[in-house]
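Notes to accompany the following structure.
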Amino acid sequence: MITVLALTASVTSAAADTSVRCTQTDVPVTYALLLTGTVHGQLCLPARTPATVQLLMHGGTYNRNYWDLPYGDGRYSYQRDMAANGIATFAIDGLGSGESTQPLSELVLGTTEADALHQVVAKLRAGAVG
């Protein structure tokens, strides 16, 4: 006698979670004292908007897609997974990368990036993003 047992697993991806809302937005910043530009980012929110938002910054040779890979139907998305678990995230493209302002490379210094990041944090705290 042979017995065959069939098991099915139900896997839901964060991308399929309809309570997750991800929107792309630009945040205006100033850099190099007087120049203006934008920092582009993706804000992912859970069904209930929490009071805290994780600000996600990529490494030197990446962009915001590091946090939400554009393939696999959301299976490889830190942002969508966090939102599905009730945590809001805002992943940004640093100055000079992705869809953010592309200044001359000699203007993209560590202090310039830090200042732009500080401006984004201030706007997140003020509720002025998204």
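For THR101, the criteria (1) in contact (Cβ under 8 Å) with a residue 60 or more places away in the chain; (2) open to solvent by less than 20 Å² (accessible area, probe 1.4 Å); (3) in a loop (DSSP other than H, G, I, E, B) hold in every case but one, which is (2). For the condition of a type in the set (Gly, Ala, Ser), in a loop (DSSP other than H, G, I, E, B) and either more than 18 Å from the chain's Cα centre (by Cα) or at pLDDT below 95 (or both), ALA15 does not qualify.
When ALA88 is tested against the conditions (1) buried (at least 20 other Cβ atoms within 10 Å of the Cβ); (2) among the aliphatic types (A, V, I, L, M); (3) in contact (Cβ under 8 Å) with a residue 60 or more places away in the chain; (4) over 17 Å from ASP26 (Cβ atoms), the lone failure is (3).
Of all the listed residues (THR25, THR52), the sole one being closer than 27 Å to GLY127 by Cβ, within 17 Å of the chain's Cα centre (by Cα) and modelled with pLDDT of 95 or more is THR25. Annotation: of all residues in the stretch 104-119 being closer than 17 Å to ASP26 by Cα and touching a strand residue (DSSP E or B) at 6+ places or on another chain (Cβ under 6 Å), the one that is most open to solvent (accessible area, probe 1.4 Å) is GLN119.
The values are calculated or read from the model by the stated rules, or taken from the named source; none is laboratory data. All values derive from a computational prediction rather than experimental measurement. Here the Cβ is made from the backbone with ideal geometry for all residues, glycine too, and neighbour counts use every protein chain on show. Ligands, DNA and RNA are excluded from the accessible area calculation, which covers all protein heavy atoms including side chains. Shrake-Rupley method; radii C 1.70, N 1.55, O 1.52, S 1.80 Å.
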